[in-house]
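Remarks on the structure that follows.
The values are calculated or read from the model by the stated rules, or taken from the named source; none is laboratory data. Just so it is clear, the structure is predicted and the values come from calculations on it, not from any experiment. Cβ placement follows ideal geometry from the backbone for every residue including glycine, while neighbour counts extend to all protein chains displayed. Accessible surface is based on the protein model in full, side chains and every heavy atom, while ligands, DNA and RNA are left aside. Shrake-Rupley method; radii C 1.70, N 1.55, O 1.52, S 1.80 Å.
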Amino acid sequence: MKTILSFLFKVSRFRFWIYTGGTYVVGYALGFTVIGDFFRPEYYLYLFYFFIPANLFIYGVNDYWDEETDILNPKKDDKEYRVSNTEKKRLLNAIYLVTGFSLILMVFQDLPERIIFTIFLLLSYFYSAKPFRFKDKPFLDFSSNYLYIMPGIFAYYLVSQSIPSALILIGAYLHISAMHIFSAIPDIKYDKSAGITTTPVFIGERASLILCLIFWMGLSFIVVTMADYYPLSFLVFLYPIFPLILLLKRDLKIINVYWYLPYVNTLLGGILFTSLVVYKIFFLGQ
């Protein structure tokens with residue numbers, strides 16, 4: 001049992017749990033109206049789902065379909081986990097288990113929840129899997145990464161029975177697009193060798209960094225405007241600093257700064273969540 005749990009933990013890429021789980025709690029914080037909303041059992045059910053099973057599904061599917069291309073990528077031996085041939089069956093069983101759990105959850109969802117949840121599952125699967133394999137198609141690769149925003153939309157609807165504003169959805173698109181492009185830049189060499197045409201492979205490293213800068217600057221202006229220029233909101237400008245530094249310092253390697261991003265996401269996501277909850281409870285009297 002310990003060996004199986006260790007395997008599932010490694011496949012789920014715990015460093016990235018915050019990308020789905022964090023989106024979920026921020027979406028819930030944006031949509032809640034009273035503190036009692038955080039005592040609803042469904043909040044904790046999906047909190048667990050989007051932190052662990054969801055990531056096991058996303059990266060399990062990714063590891064299954066990327067076996068040949070991952071051979072060339074040293075990141076699988078350093079920051080991630082390389083699934084061996086003997087573990088392939090265990091990996092498939094884990095994917096089936098999460099799929100079954102997901103289908104059970106859908107039985108108890110209303111129609112809009114089921115639609116949002118289904119979009120999340122389909123994007124998570126076909127990002128890596130054929131016949132669509134979005135990760136191998138320039139511009140569709142980062143657009144399909146909206147899958148990481150779907151938990152937030154789901155949480156928002158779960159607590160408010162409505163969808164976030166268009167401006168929030170656009171800001172989320174800009175952020176997740178920049179995140180995906182930035183994370184794919186270090187893999188240009190290995191993706192090109194494996195015949196995978198990601199956006200950075202297609203347009204090159206420097207153009208990709210410029211695109212990240214544009215997207216993150218767009219996100220930053222949306223955030224500070226929606227926050228009515230509240231001082232803490234300016235921390236969002238930490239994001240465009242990443243590509244800007246790399247554009248200015250050409251001798252600096254992206255891999256040396258890339259792994260700081262999960263920490264920035266965790267920090268800013270935590271500040272956003274806490275600020276929303278404190279503001280709504282103590283200043284709006286909710």
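Maximal additional length on extending the residue 221-residue 93 stretch stands at 41.7 nm, based on 0.36 nm per residue less the C-alpha distance. Quick one: accessible surface of residue 51, probe radius 1.4 Å, all protein chains present, in square angstrom to the nearest 10. Probe radius 1.4 Å; accessible area of residue 51 about 60 Å². Our estimate of slack between residue 40 and residue 247, defined as 0.36 nm per intervening residue step minus the Cα-Cα distance, is 69.9 nm. Of 49, 44, 260, 146, the residue with the largest accessible area leads and the full order is 260, 44, 146, 49 (1.4 Å probe).
Couplings 3J(HN,Hα) for segment 189-201, derived from phi with the Karplus relation 6.51 cos²θ - 1.76 cosθ + 1.60 (θ = phi - 60°), are 4, 6, 5, 5, 5, 8, x, 9, 9, 7, 4, x, 5 Hz, where x marks Gly and Pro.
Considering only 256, 145, 93, give the residue with the highest GNM mean-square fluctuation for the chain, with springs between Cα atoms whenever their separation is below 10 Å. Top of the fluctuation ranking is 256. Rounded if a/c is under 1.5, else prolate if a/b is larger than b/c, else oblate: which is segment 144-233, with a ≥ b ≥ c the root eigenvalues of its Cα gyration tensor? Since a/c reaches 1.5 but b/c is at least a/b, the shape of segment 144-233 is classed as oblate. Summarising the label geometry, the points placed 7 Å from Cα in the beta-carbon direction at residue 238 and residue 264 lie 0.8 nm from one another. Of the complete DSSP H runs in the chain, those spanning 30 angstrom or more by Cα along the long axis with a mean Kyte-Doolittle score not below -0.5 are 205-226. Labels on offer are (i) 56, 48, 33; (ii) 110, 63, 37; (iii) 55, 40, 33, and the one holding Cα extents along the principal axes in Å computed from this structure is (i). Proximity of backbone amide H atoms, modeled 1.01 Å from N, is registered between residue 127 and 134 at under 5 Å, excluding neighbours fewer than 5 places apart on the same chain.
Computed with a 1.4 Å probe over protein heavy atoms only, the accessible area of residue 88 comes to about 40 Å².
Counting heavy atoms of the protein chains alone, residue 7 has an accessible area of about 10 Å² for a 1.4 Å probe. Among 214, 176, 35, the residue with the largest mean-square fluctuation in a Gaussian network model of the chain, with springs joining Cα atoms closer than 10 Å, is 35. Where does the charge balance sit around residue 244 when Lys and Arg score +1, Asp and Glu -1, over other residues with C-beta under 14 Å from its C-beta? Net of charged neighbours comes to +3. I need the calculated FRET efficiency for the pair residue 203 and residue 284, taking r as the beta carbon distance and R₀ as 51 Å, to the nearest 0.05. That gives a FRET efficiency of 0.70.
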